[in-house]
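> The structure that follows is given in the form of structure tokens.
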Amino acid sequence: MAALSAMRADTSPLTGTHPAHVFHPLSEILSLWAADGIDTTPFRAGVENAQRRYTGYGLSRMLPLDRVLVGCESSRAGAFGGFHHPNQGYRHLQMVAVITMHGPMERRNPERPSLALLDLLRAYAHDCLHYGSRRRYAEVAGLPVRTQYGINYRRVTGQSYSVADERGSRHTRNLGIVMEGACDKEARSITRKTAERFGFTEPTDVLGALAFRDVTGTLTKEDSRRAVDVPESAEQTQYAAALRHYEMGVNRRYLHFLEEFAPGEENECHTRLLAAVISGDTTTLGAWLDDRHGPGTFAGLFRTPGYFEPVTA
């Protein structure tokens, strides 16, 4: 599709939403940090581990480092970056991930290199799974319309296969949440193993400790409910709130989903889910769920009742 190719050739609309930040390709930022004495070995080791694991799910290619743009050197006073910075992540139409350096952003090198490397690894490992998820597009009026993402579908009319969750729900029947949670669970597992391997320890300040537990997937229930106020920094306070919201809205819901439908087999279900997301084929996952919960479990769990309703002019 010509329109899709054009979108992928120009990333300026994405970086343009962050006019205060300077963006570098991830390959370049790693080289710049290394030249300034920051040991980037933990990040590279974590990526190697991710690549080995993802191959087992059927992912044959990682997101190219040059398709990851890292924001730093911000001209905005008090700018604070990281995984929960607003308006960032993987953008499938452009096939680019836009992320920000964790911590104060009015600089090129991170204030806390170890934590920034872990945050960067979590974001990259997470976005590689989005990049590798099965996608299908249809051309409508000259523009690309995504009709499949992983194991979720959308009609060209805009009707989503998956039902939306009720606001504040502890449960999820939404495939977007399930797939997002699966990607982040995997990414945080890789980050946690990297932190353990290289002996990274938790910072002593409240926000630093929360960020460390977040990237390593070790947040407690109390952490996810705790409101953190950083009086001297509105952006850090907002970051902590976004972290808490994501934990409750995505990761806790996904874990509860696994506990509901795969008690005692959570890891096996998670593995099957990720393999299905990469391949776009729910046959094996569906059969596994049917064996435990009866015929038609996948559609029964996720399909919105009006998905096949006729469209009226």
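The values are calculated or read from the model by the stated rules, or taken from the named source; none is laboratory data. Note that the structure is a prediction, hence the values are computed from the model and not measured. Note: ideal-geometry Cβ built from the backbone for every residue, glycine included; neighbour counts use all protein chains shown.
> Only one of these is in contact (Cβ under 8 Å) with a residue 60 or more places away in the chain and more than 16 Å from residue 85 (Cα to Cα): 220, 216. Name it. Before the answer, list the steps.
Numbers: 220 fails: in contact (Cβ under 8 Å) with a residue 60 or more places away in the chain.
None of the other options fit; the residue is 216.
> Now, a different point. Can you tell me how many residues within the range 199-222 are in a loop (DSSP other than H, G, I, E, B) and farther than 14 Å from residue 184 by Cα? So that I can check it myself, show each step before the final result.
Taking the range 199-222 as the starting set, the residues that turn out to be in a loop (DSSP other than H, G, I, E, B) are 199-205, 216-220.
With farther than 14 Å from residue 184 by Cα added as a condition, the list becomes 199-205, 220.
Residues flagged as in a loop (DSSP other than H, G, I, E, B) and farther than 14 Å from residue 184 by Cα within the range 199-222 amount to 8.
> Looking at the range 126-136, is at least one residue in a helix (DSSP H, G or I) and touching a Pro at 6+ places or on another chain (Cβ under 6 Å)?
Taking the range 126-136 as the starting set, the residues that turn out to be in a helix (DSSP H, G or I) are 126-132.
Of the ones still in play, those that are also touching a Pro at 6+ places or on another chain (Cβ under 6 Å) are none.
There is no residue in the range 126-136 that is in a helix (DSSP H, G or I) and touching a Pro at 6+ places or on another chain (Cβ under 6 Å).
> I would also like to ask the following. Of all residues in the range 239-286, which are under 22 Å from residue 213 (Cα atoms) and over 19 Å from the mean Cα position of the chain (by Cα)?
Here is the first cut: in the range 239-286, the ones under 22 Å from residue 213 (Cα atoms) are 239-259, 266-267, 270.
If the condition is that a residue be under 22 Å from residue 213 (Cα atoms) and over 19 Å from the mean Cα position of the chain (by Cα), then 259, 266 are the ones that fit.
> Any chance you could count how many residues in the range 71-85 are touching a Phe, Trp or Tyr at 6+ places or on another chain (Cβ under 8 Å), surrounded by fewer than 24 Cβ atoms within 10 Å (Cβ to Cβ) and either without any contact (Cβ under 8 Å) to a residue 24 or more places away in the chain or among the small types (Gly, Ala, Ser) (or both)?
Of the residues in that region, 1 qualify.
> When you look at residue 209, is it touching a Leu at 6+ places or on another chain (Cβ under 8 Å) and either of a type outside the set (Lys, Arg) or modelled with pLDDT under 95 (or both), yes or no? Spell out how you get there, then give the answer.
Values: touching a Leu at 6+ places or on another chain (Cβ under 8 Å): no; either of a type outside the set (Lys, Arg) or modelled with pLDDT under 95 (or both): yes.
Spelling it out, it is not the case that residue 209 is touching a Leu at 6+ places or on another chain (Cβ under 8 Å) and either of a type outside the set (Lys, Arg) or modelled with pLDDT under 95 (or both).
> Still on this structure, please answer the following. Considering only residues that are in contact with a Leu (Cβ under 6 Å, 6 or more places away or on another chain) and among the hydrophobic types (A, V, I, L, M, F, W, C), look in the range 1-32 and name the one that is farthest from residue 70 (Cα to Cα).
Once the filter is applied, the top-ranked residue is 3.
> Going through the range 153-188 one residue at a time, which ones are of a type outside the set (Lys, Arg) and within 24 Å of residue 51 (Cα to Cα)?
176, 177, 178, 179, 180, 181, 182, 183, 184, 186, 187
> How many residues does the range 139-180 contain that are in a loop (DSSP other than H, G, I, E, B) and crowded, with 18+ Cβ neighbours inside 10 Å?
From the range 139-180, those in a loop (DSSP other than H, G, I, E, B) are 141-142, 150-151, 155-159, 161, 163-174; that's our starting set.
Next, only the ones that are crowded, with 18+ Cβ neighbours inside 10 Å stay: 150-151, 161, 172-174.
Number satisfying all stated conditions: 6.
> Here is a follow-up. For residues that are hydroxyl-bearing (Ser, Thr, Tyr) and in contact (Cβ under 8 Å) with a residue 12 or more places away in the chain, scanning just the range 121-152, find the one that is nearest to residue 63 (Cα to Cα).
Within the range 121-152, the subset hydroxyl-bearing (Ser, Thr, Tyr) is 124, 131, 133, 137, 147, 149.
Filter again for in contact (Cβ under 8 Å) with a residue 12 or more places away in the chain, leaving 124, 131, 133, 137, 149.
Numbers: 124: 8, 131: 6, 133: 11, 137: 19, 149: 16 Å.
Among those residues, the one meeting the criterion is 131.
> Restricting to the range 104-124, name every residue that is closer than 22 Å to residue 230 by Cα and among the small types (Gly, Ala, Ser).
Within the range 104-124, 114, 116 meet the criteria.
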